[in-house]
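Data first, discussion second: the structure below is written as structure tokens.
Derivation of every value follows stated rules applied to the coordinates shown; laboratory data play no part. Because the structure is a prediction, the values reported are computed rather than measured. Heads up, the Cβs are rebuilt from the backbone with ideal geometry, glycines too, and the neighbour counts pull from every protein chain shown.
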Amino acid sequence: MIVDDRSLPGAETPLGTRWELLTDGVMGGVSQGRLAPEVIDGRPCLRLTGEVRLENNGGFVQMALDLRPDGGAVDLSGFAGVALTARGNDQGYALHLRTADLTRPWQSYRHGFVSSSAWTAHRLPFDSLVAHRTDAPFDAGRVRRIGLVAIGRAFRADLALADLRFYA
């Protein structure tokens with residue numbers, strides 16, 4: 001299932017939803033970011049850049065996407081995980097998934113990855129997700145939001161996404 005193949009302009013996706021930039025400013029932090037379409041090495045991509053800062057209990061910049069235009073859940077129980085092609089600055093980033101079972105903004109299911117300076121394909125299986133601040137088990141039948149996040153330490157974020165899909 002294709003989530004984004006960068007075939008549409010701006011932050012639009014084939015799902016009929018748009019990527020959005022979120023920072024820790026929503027909770028008083030001072031991290032800053034930018035999300036913009038670009039072409040890198042001939043590949044259309046969406047690039048997240050910014051400075052992750054820890055002041056005021058902050059520490060993240062994120063590109064996030066609802067999987068349905070109405071914000072509702074999608075049944076991904078027939079899939080094994082998330083596949084994405086990205087390049088970055090040889091830093092660690094995180095995939096965050098949110099399900100309809102999560103009620104607090106800080107709750108998610110997470111999987112880390114390192115994005116090298118070359119375009120790299122990543123496979124992030126659902127069975128390797130780590131629950132963050134929730135006891136609810138991950139339910140692939142109730143996924144509603146996905147995020148790619150620079151989080152947890154002070155650093156310069158630079159992550160470009162060329163495609164993202166769910167794989168069986």
Quick one: which residues, 5 or more positions from A131 or on another chain, have an amide H under 5 Å from its amide H? H modelled 1.01 Å from N in the peptide plane, none for Pro or chain starts.
-> R110
Hz values of 3J(HN,Hα) by residue in segment 86-96 - Karplus curve (6.51, -1.76, 1.60), Gly and Pro given as x | 9, 9, x, 10, 6, 10, x, 10, 9, 8, 10
Net length gained if the chain between N57 and S128 were fully extended (0.36 nm per residue, minus Cα distance) = 22.8 nm
Between E20 and D5, the two model label points (7 Å from Cα along the beta-carbon direction) sit apart by a distance in nm of 2.7
Coordinate range along principal axes, alpha carbons of segment 2-160, Å, largest first = 38, 35, 27
For the chain, averaging the sequence separation of alpha carbon pairs under 8 Å that lie six or more residues apart and dividing by its residue count, the contact order in percent is 31
Mind listing the long-range amide H neighbours of G58? Cut-off is under 5 Å, sequence gap 5 or more, other chains count too, H placed in the peptide plane at 1.01 Å from N.
-> V30
Would you mind computing, in nm to one decimal, how far apart the modelled labels at R104 and A136 are, each placed 7 Å from Cα along Cα→Cβ?
-> 1.2
Extension gain A36-F155, at 0.36 nm per residue separation less the Cα-Cα distance, in nm?
-> 40.9 nm
For segment 19-27, 3J(HN,Hα) per residue [Karplus equation, 6.51 cos²θ - 1.76 cosθ + 1.60, θ = phi - 60°, Hz, x = Gly/Pro] = 5, 9, 8, 10, 10, 5, x, 5, 10
